[in-house]
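Report on the following structure.
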Amino acid sequence: MDVICWLLTAYMLVLLARIVLSWFPISRGSPVEPIATVLYALTEPVLGPLRRAIPPVRIGAMGLDLSPLIVLFGVNILMGIIC
């Protein structure tokens, strides 16, 4: 059980890091690019299908992607049940 709780916590932190990194433009060759690539590779298998199922919420001319928030809530609920 402890391993599952640790993995869920680690995934939550990876997802939070991806959310924060998405606020900043990352150019090719920047020192942050390898970190962003790993974060996207770890989180996209969960976020991608959810993003396709739930369209972005329109806020004026901008779209807000709610899939990371939904996954965070889901992981938090799962941790509450398991841990």
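Just to be sure I understand: with springs between alpha-carbon atoms less than 10 Å apart, which residue in I59, I70, I26 has the highest mean-square fluctuation in the Gaussian network model of the chain?
Checking each option, the largest mean-square fluctuation is seen for I59.
How much solvent-accessible surface does M79 expose, in Å² to the nearest 10, with a 1.4 Å probe and all protein chains in place?
Surface open to solvent at M79 totals about 40 Å².
For the chain, which semi-axes, largest first and in whole Å, follow from the square roots of 5 times the eigenvalues of its Cα gyration tensor? All intermediate terms of the calculation are to be shown ahead of the outcome.
Details: eigenvalues 113, 72, 19 Å².
Here the semi-axes work out to 24, 19, 10 Å.
So which DSSP H runs in the chain come out at 15 Å plus along the axis (Cα) with average Kyte-Doolittle of at least 1.0?
Going by DSSP H runs, the hits are 2-21, 67-82.
Looking at region 1-49, which chymotrypsin sites (Phe, Trp or Tyr not before Pro) are DSSP coil and have at most 10 other C-beta atoms within 10 Å of their C-beta?
Details: sites: W6, Y11, W23, Y40; in loops: W23.
Here the chymotrypsin sites (Phe, Trp or Tyr not before Pro) that fit, given the DSSP loop and packing criteria, are W23.
Rounded to the nearest 500, what is the chain's calculated 222 nm mean residue ellipticity when only DSSP H runs of at least 4 contribute -39500 (n - 2.57) each, over all residues?
-23500 deg cm²/dmol
Roughly how many Å² is the accessible area per residue of the chain, as a whole number, for a 1.4 Å probe?
Per residue, the chain has 71 Å² of solvent-accessible surface.
Filter the trypsin sites (Lys or Arg not before Pro) in the chain down to the DSSP loop ones having no more than 16 other Cβ atoms within 10 Å, then list what survives. Let's see the in-between values first.
Details: sites: R18, R28, R51, R52, R58; in loops: R28.
Within the chain, the qualifying trypsin sites (Lys or Arg not before Pro) (loop, at most 16 other Cβ atoms within 10 Å) are R28.
Quick one: with all protein chains in place, what share of the accessible area of the chain is carbon or sulfur, to the nearest percent (1.4 Å probe)?
Of all accessible area on the chain, carbon and sulfur atoms account for 75 percent.
Give the accessible area for T37 in Å² (nearest 10); use a 1.4 Å probe, count only protein heavy atoms, and leave out ligands, DNA and RNA.
80 Å²
The values are calculated or read from the model by the stated rules, or taken from the named source; none is laboratory data. Please read these numbers as outputs of a predicted model, since none were measured by experiment. In this analysis, Cβ positions are derived from the backbone assuming ideal geometry, glycine residues included, and neighbour counts consider all displayed protein chains. Side chains included, ligands, DNA and RNA excluded: accessible areas come from the protein's heavy atoms. Shrake-Rupley method; radii C 1.70, N 1.55, O 1.52, S 1.80 Å.
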